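Notes to accompany the following structure.
The values are calculated or read from the model by the stated rules, or taken from the named source; none is laboratory data. All figures in this text were calculated on a predicted structure; none of them were measured in a lab. Here the Cβ positions follow ideal geometry from the backbone for every residue, glycine too, while neighbour counts run over all protein chains shown.
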Amino acid sequence: MSALNIGSRALTANLSALQVIGHNIANVNTEGYSRQNVTMKVSGYQQYANGFFGKGVEVGTVTRSHDAYLTREAQTTRSVASADAVRLARLEQLEAAFPMGEDGIGESLNSMLNAWADVASSPSNQTARLVVIARADELAARLRDTAGQLDILRESTQLQVKGTVDNVNRLAADLAKVNQRLTEVMGSPNTPNDLLDQRDQILSELSKHVQVSSIPGEGGVVSVFVGGSMPLVLGSQSAKLEAGRNPDDSSQLQISFVQGTSKTPLPDASLGGELGGLMNFLHQDLAQVSNLVGRMALATVSVVNKQHSLGLELKDPPTFGDKFFSDLALPDGLPSAVNTGTASGTVSVSVPEDLVASDYELRFEGGGPVMIRLSDGNPTAVSLPSFEVDGLTFNIGGAPNVGDVIRFKPFEGAARNIKIAITSPNSVAAASPVKVEPVAGNSGGISIESLYANGPVPANPYTSSILFAANGSYSIDGGAPQNYSPGQPIEHDGWSLTLRGVPAAGDSFTVSLSTADDIRQNAGNAVGFQALRDAAMFEGVPFGDGYVTIFSDVGTRVQSAQFSSAFSGQVAATAENARANVAGVNLDEEAARMLQFQQSYQAAAKFLQVAQSTFDSLLQTVGR
């Protein structure tokens, strides 16, 4: 009987090994599957008078090829790679909203400024004036269209965030169920390999969506934490994440950890995974680019309206220009939902050339109020109730308490709401309110290039005289001598005069106010609009090149994201390959093992056949 038992055990053990090999081959393409191996052990022995005889072989257990360290590393690196990949995908969509060439905002801006050249050449030409209005309207439309595309991208990203949160919650619930099943088989001496694979696969998927830290427990049960220390899964119980509106700014999403009736906001930097990449895009990349576009719209309205108000319309009597673009109402400050005081605030543009594309946060600290520029964290101590920061004037009312916070988003909606304010060509203020005339007897070695107002000019009557000395210097109304350089503006009393050539001693020019008879052929303010193209505006960048600032910012973000995504993707792929080299199924290896155990099975069957034949012969002999 021992020989028969040895043969039958060998058949069973080798058949079990073949079954495991077949299971491996069947799951060669199953994501998260770990290769399984049969561990054989001796079935024991029995003692006879002439020695100890073995009882054959039996299956000890079925183990899986698994390395906990490599698995955790693959999960962690996948989280980083997923964050970088989803951010890059969104940035590439953002980049598509900022074309160069004829379709770009920059082309529209310069077309508007260049259109003033035709008005300067022919101030009374109605067609040229209409072209200026049309080009300005086109610029406004381009800015509104770009703002609309950013809004669509923001909304679709927010929907993706909510979908990702739903996936996280679903996976957390699935993991809690797996933990429950692991608890139920905890007393078994064998390892539930497929169940552990299912657990690790859920953790891998969870890591793709959000960065998690896991702590293994008894029997393979695992606890999962998000946001540093928030328990998403504890045993068979799971909590949830929630994507809701930020109570301090309803335009922004806020991810919160929800457990029962408790809700804890999670910082964007603590999320990781696709969720972290999307939130980073929303609150950093998209917010900053939106501010750049909004600043361009707000600066354009401010400087164009200012210059237009300095010129004279084609009307009799002459009147100063009205608003060229409609005024943009800047949004009021947003007091924090947890403020205990009653402080509120408004903001307006004071110096458009100094605008910085950023949101601001006014914090009422124990040492006094501090305005924080959120784009770089730069603090500025301020005094209430009114103060100026970065070309913006802030007015604060109410009674603040220490710890209160007010957030300002001055560029929110600027590009979305920009529109032209004038329609009549006669309302285009192309004429300068001042004129310049050379005094009789000048040498003729110097000529007038341009004269336009760059600020409020004195009221009527007004006359100012420029006199050149022998050394080439000049004085205005008998004042102190000043150095003269051909082509360099002479600025005084709100006007800017540019002369060319070399003056002679005694050459003189008179600047006075324009009359109704002058304005039909006076295009000084149109020249002033052309000068805006080279005016320093966006951190020193010329106004006409303002779009380049936006485009270069977007391009830099895309290039940085491409590098980060390529690098983290390679790291994640390397980590996954290392894990797969240990846990993955190799068909060549399985084929060799299958042949090995097939031969063992056949040999065991042959041995069992021999044992049975011998036993039959013995029975026949004894039975005679």
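The table for this structure:
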{"item": "Selection within segment 158-184 - surrounded by fewer than 20 Cβ atoms within 10 Å (Cβ to Cβ) and among the hydroxyl-bearing types (S, T, Y)", "result": "T183"}
{"item": "Hey, A591 without any contact (Cβ under 8 Å) to a residue 12 or more places away in the chain, surrounded by 14 or more Cβ atoms within 10 Å (Cβ to Cβ) and either outside the structural domain of N37 (by TED's automatic domain parsing) or closer than 30 Å to S34 by Cα (or both) or not", "result": "no"}
{"item": "Residue list for segment 257-294, filter: in contact with a strand residue (DSSP E or B) (Cβ under 7 Å, 6 or more places away or on another chain), more than 18 Å from K240 (Cα to Cα) and in contact (Cβ under 8 Å) with a residue 40 or more places away in the chain", "result": "L282"}
{"item": "Tally of residues being of a type outside the set (S, T, Y), outside any strand (DSSP E or B) and closer than 24 Å to L298 by Cα across segment 343-381", "result": "11"}
{"item": "Strands (runs of 3 or more DSSP E) within segment 438-486 that include 2 or more residues aliphatic (A, V, I, L, M), at pLDDT below 90 and surrounded by 12 or more Cβ atoms within 10 Å (Cβ to Cβ)", "result": "446-453"}
{"item": "Flag if D534 is in a loop (DSSP other than H, G, I, E, B), over 15 Å from L310 (Cβ atoms) and within 50 Å of the chain's Cα centre (by Cα)", "result": "yes"}
{"item": "Residue selected from segment 182-223 under the condition part of a helix (DSSP H, G or I) and over 24 Å from V585 (Cβ atoms), by the criterion modelled with the lowest pLDDT", "result": "G219"}
{"item": "Segment 503-522: number of residues that are crowded, with 23+ Cβ neighbours inside 10 Å and modelled with pLDDT under 85", "result": "2"}
{"item": "Matching entry among E218, E205, E242 (being in contact (Cβ under 8 Å) with a residue 24 or more places away in the chain, within 30 Å of Y360 (Cβ to Cβ) and surrounded by fewer than 22 Cβ atoms within 10 Å (Cβ to Cβ))", "result": "E242"}
{"item": "Residue within segment 592-600 that is under 30 Å from L15 (Cα atoms) and under 52 Å from the mean Cα position of the chain (by Cα) present", "result": "yes"}
{"item": "Listing of strands (runs of 3 or more DSSP E) fully contained in segment 20-64 that carry 1 or more residues being without any contact (Cβ under 8 Å) to a residue 12 or more places away in the chain and either of a type in the set (G, A, S) or over 30 Å from S207 (Cα atoms) (or both)", "result": "45-48, 51-54"}
{"item": "Single residue of segment 43-79 satisfying the filter (modelled with pLDDT under 85 and in contact with a Gly (Cβ under 7 Å, 6 or more places away or on another chain)) that is nearest to N581 (Cα to Cα)", "result": "S43"}
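Residue by residue, here is whether (1) loosely packed, with under 13 Cβ neighbours inside 10 Å; (2) outside the structural domain of L275 (by TED's automatic domain parsing) holds:
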residue: A10; (1), (2): no, yes
residue: A26; (1), (2): yes, yes
residue: Y33; (1), (2): no, yes
residue: G44; (1), (2): yes, yes
residue: V86; (1), (2): no, no
